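Encoded as structure tokens, the structure appears first; notes follow it.
The values are calculated or read from the model by the stated rules, or taken from the named source; none is laboratory data. Only a predicted model underlies this, so the values are computations on that prediction, with no experimental measurement involved. Note that we place each Cβ from the backbone using ideal geometry, even for glycine, and neighbour counts take in every protein chain shown.
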Amino acid sequence: MPFIVGLGGTMRFGSSSERALRIAMEHAGARGAETLLIAGPRLDLPTYDPAVDPDAAAEYVIDAVERADGVILASPSYHGGMTGLLKNALDHLEALRDRPRPYLRDRPVGLIATGDGWQGPNATLQALRLTVHALQGWPTPLGIAHNVTDSGVHAVRPQLERMADQVLDLATLREGAAVA
């Protein structure tokens, strides 16, 4: 089964985006995938600087993403965009540019955005999609934009699980195509 990495972009323990990411990652694990969730303090990396070599914390994230067959990103809506924490981690993926698996190239990426109201999460979902495309990844057809004032993240468990299924299914198809 594929190796799936989840990156969650908030320092607040137990945030809605982290809870949603955990639901998706647990589902992927229940289907047999190897999973690694990197959230909160584990994602708190030094500000990306192309002139500076990545430190051990940044290299941990970079190496995990390079190994990943699929990725799931989760962010609360910060003024219609992803958190600086997640964006900074994604900026560190520039270290993959000259490696055999650059950026997110040809890998499925599930996306989760949460927030109060509908405008913020939908704008954040769009920002995540654009960033994944720029990193040469494949955003899954189903992306989750969830208004947490309407209901908690457990209300969208079926959608989160379906999105995780899409990441796994696309990663498996990609792996099969690479072998053939």
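Among residues belonging to region 43-54 that are more than 15 Å from Leu90 (Cβ to Cβ) and not acidic (Asp, Glu), point out the one that is surrounded by the most Cβ atoms within 10 Å (Cβ to Cβ). Checked region 43-54; the qualifying residue surrounded by the most Cβ atoms within 10 Å (Cβ to Cβ) is Val52. Of the numbered criteria (1) outside any helix (DSSP H, G or I); (2) free of Cβ contacts under 8 Å to residues at least 40 places away in the same chain; (3) buried (at least 18 other Cβ atoms within 10 Å of the Cβ), the one Arg22 fails is (1). Figure legend. Inter-residue proximity from region 30-41: first residues on the phi > 0 side of the Ramachandran plot and buried (at least 16 other Cβ atoms within 10 Å of the Cβ), second residues assigned to a helix (DSSP H, G or I) and of a type in the set (Asp, Glu), beta-carbon distance below 9 Å, spacing 6+ or different chains. Indicated pairs: Gly40/Glu18. In the set Thr114, Thr149, Thr140, only one residue is at pLDDT 95 or above, β-branched (Val, Ile, Thr) and over 18 Å from Gln166 (Cβ atoms); that residue is Thr114. Among the residues here, Ala89 qualifies as at pLDDT 95 or above, among the small types (Gly, Ala, Ser) and either in a helix (DSSP H, G or I) or over 14 Å from the mean Cα position of the chain (by Cα) (or both). In region 91-136, the residue that is farthest from Leu21 (Cα to Cα) out of those that are in contact (Cβ under 8 Å) with a residue 60 or more places away in the chain and hydrophobic (A, V, I, L, M, F, W, C) is Ala113. For region 68-80, filtering for residues that are assigned to a strand (DSSP E or B) and out of contact with any Ser or Thr (no Cβ under 6 Å at 6 or more places or on another chain) leaves 5.
Annotation: of all residues in region 143-164 being closer than 30 Å to Pro102 by Cα and in contact with a Leu (Cβ under 9 Å, 6 or more places away or on another chain), the one that is surrounded by the most Cβ atoms within 10 Å (Cβ to Cβ) is Leu160.
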